[in-house]
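Reading through the structure tokens given below for one structure.
The values are calculated or read from the model by the stated rules, or taken from the named source; none is laboratory data. Nothing here was measured: the structure is a model prediction, and the numbers come from that model. Methodologically, a virtual Cβ is constructed for each residue, glycine included, from the backbone with ideal geometry; neighbour enumeration extends over all protein chains shown. Heads up: the accessible areas ignore ligands, DNA and RNA and are worked out on the full protein's heavy atoms, side chains in. Shrake-Rupley method; radii C 1.70, N 1.55, O 1.52, S 1.80 Å.
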Amino acid sequence: MTIMDKERSKFYPDLQTTAELGYPTILSAATRGIGAPKGIPQPILKKIEDVFKKAMESRDHLDKLEGAAQPVKIMTGEEFNKYYWDSFNVAKKWVEYVRKK
């Protein structure tokens, strides 16, 4: 077994990552996010971010994820936006590669 990430899992610390095995671009994650319409007023966007961040940080929610061995990295705003588009661009390259084959 291998962890498809750049860092070892706290749930399976003895398993090597794909990055450690020489495949730093082979990654897998179960990402979830909330989007808002383009042009949403900044105060409303900030409120939405704050509410979802508070919910994600709730002890009950974190305990359930921990019990299911699900790693958590809470991202909001520009950090999540960057992560999303970076992931999209990597996936897009692979889709284009496979379509050419």
Point to revise | Residue satisfying all of: in the range 58-69; more than 16 Å from the chain's Cα centre (by Cα) and in a loop (DSSP other than H, G, I, E, B); surrounded by the fewest Cβ atoms within 10 Å (Cβ to Cβ) among these | key: A68
Study note, to complete from the structure: The residue that is nearest to the chain's Cα centre (by Cα), considering only those in the range 1-10 that are open to solvent by 50 Å² or more (accessible area, probe 1.4 Å) and in contact (Cβ under 8 Å) with a residue 24 or more places away in the chain, is D5
Study note, to complete from the structure: Restricted to the range 11-30 and to residues being modelled with pLDDT of 85 or more and open to solvent by 70 Å² or more (accessible area, probe 1.4 Å), the residue farthest from N81 (Cα to Cα) is D14
Point to revise | Condition broken by E79, with the remaining ones in (1) within 24 Å of I3 (Cα to Cα); (2) out of contact with any Leu (no Cβ under 8 Å at 6 or more places or on another chain); (3) exposed (fewer than 11 other Cβ atoms within 10 Å of the Cβ) satisfied | key: (3)
Check your understanding: Does at least one position in the range 85-98 carry a residue that is modelled with pLDDT under 90, surrounded by 11 or more Cβ atoms within 10 Å (Cβ to Cβ) and in contact with a Lys or Arg (Cβ under 9 Å, 6 or more places away or on another chain)?
Key -> no
Point to revise | Residue that is out of contact with any Pro (no Cβ under 8 Å at 6 or more places or on another chain), assigned to a helix (DSSP H, G or I) and among the acidic types (D, E), where the choices are D14, D50 | key: D50
Check your understanding: Given the structure, is V72 exposed (fewer than 11 other Cβ atoms within 10 Å of the Cβ) and either hydroxyl-bearing (S, T, Y) or under 27 Å from I3 (Cα atoms) (or both)?
Key -> yes
Practice item. Hey, can you tell me all the residues within the range 68-101 that are charged (D, E, K, R) and touching a residue at least 24 places away in the same chain (Cβ under 8 Å)? Key: none
Review point. (1) in a helix (DSSP H, G or I); (2) exposed (fewer than 12 other Cβ atoms within 10 Å of the Cβ): which one isn't true of L45, the others all being true?
Key: (2)
